[in-house]
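The values are calculated or read from the model by the stated rules, or taken from the named source; none is laboratory data. Just so you know, these numbers come straight off a predicted model, no measurement behind them. Please note: Cβ atoms are built from the backbone with ideal geometry, for glycine as well, and neighbour counts cover all protein chains shown. Areas reflect the complete protein model, heavy atoms only, side chains present, ligands, DNA and RNA absent. Shrake-Rupley method; radii C 1.70, N 1.55, O 1.52, S 1.80 Å.
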Amino acid sequence: MMGVDQAARIIRNGGVIAYPTEAVWGLGCDPWNQQAVYRILDIKQRPVEKGVILIGASEDQFAPLLNPLSCEERARLKSTWPGPYTWLIPDPAGWAPDWVRGQFDTVAVRITAHPLVKTLCEATGHPIVSTSANLAGKDPLLTFSGVEEVFGSLLDGIVPGETGEQKTPSKIQDLRSGQLVRAG
């Protein structure tokens, strides 16, 4: 069985893993490794234009994005984090690469409440990609065995564990407009 330290090492070395999140299984990698992100997109059959979510252990891991925000915007984020709530945060300085943002000028960001994922992000030393473990257009996978069956041979590892109590993928909301993009 793969432990968190081994999974973090795989991510830092450009690998792709699967891991349980608050609601569904996710596929993850180093967001600043273009080859790794494109590998996930290829595995999922997902276009780069859609962008991917970044998940982190704490606000500190997203400081370059969060520091320019107003007190009101930061309070909105704090009211939902940590937890299964993803915010689209403006990225005028281009902190996140194009292959993470997709066609957008925002970055989809979540601070996790899942203990295993929090530990994984801490061990990695930075946020990681968190996109649902599914082929484009298919339902997200909910079990270790499902992930192993569909993606096992395509991944560098699967971190065992249980998904959280959340039954649907995270809500996604635009921080600037307040628009709910995905109800969860």
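Specify, per residue and in Å³, the volume enclosed by the convex hull of the alpha carbon atoms belonging to segment 37-184.
With only Cα atoms used, segment 37-184 gives 113 Å³ per residue.
If you average the alpha carbon positions of segment 126-184 and of segment 18-67, how far apart do those two centres end up, in angstrom?
Between the Cα centre of segment 126-184 and that of segment 18-67, the gap is 10 Å.
Could you tell me the calculated FRET efficiency between Ser70 and Val181, based on Cβ-Cβ distance and R0 = 25 angstrom, to the nearest 0.05?
Rounded to the nearest 0.05, the efficiency is 0.75.
Is the C-alpha gyration tensor of segment 1-53 telling us rounded, prolate or oblate? Criteria: a/c under 1.5 is rounded; beyond that, a/b larger than b/c is prolate, otherwise oblate.
oblate
Hey, which aspartates and glutamates would be in cross-link range of Lys44, C-alpha to C-alpha under 17 Å, not counting anything within fewer than 8 residues on its own chain?
Within the straight-line cut-off, Lys44 pairs with Asp30, Asp139, Glu148, Glu149, Asp156.
What three numbers, in Å, describe the spread of the alpha carbons of segment 13-84 along their principal axes, ordered from the longest?
So the three principal-axis extents are 39, 25, 24 Å.
Gaussian network model of the chain, Cα springs within a sub-10 Å range: biggest mean-square fluctuation belongs to which of Gln103, Gln173, Gln61?
Result for the chain, Cα springs under 10 Å: Gln103 fluctuates most.
When the accessible area of segment 11-111 is computed with all protein chains present and a 1.4 Å probe, what percentage of it is carbon and sulfur?
49
Taking the chain as a Gaussian network, where each spring joins two C-alpha atoms under 10 Å apart, which residue of Cys71, Cys29, Cys121 fluctuates the most?
Checking each option, the largest mean-square fluctuation is seen for Cys71.
Loop sites only, by DSSP: take the trypsin sites (Lys or Arg not before Pro) in the chain that have at most 15 other C-beta atoms within 10 Å and name the longest stretch containing none of them.
Maximal segment without exposed cleavage sites: 1-137.
Looking at the chain as a GNM with Cα springs under 10 Å, which of Pro31, Pro92, Pro64 has the largest mean-square fluctuation?
Maximum fluctuation in the GNM of the chain, among the listed residues, is at Pro92.
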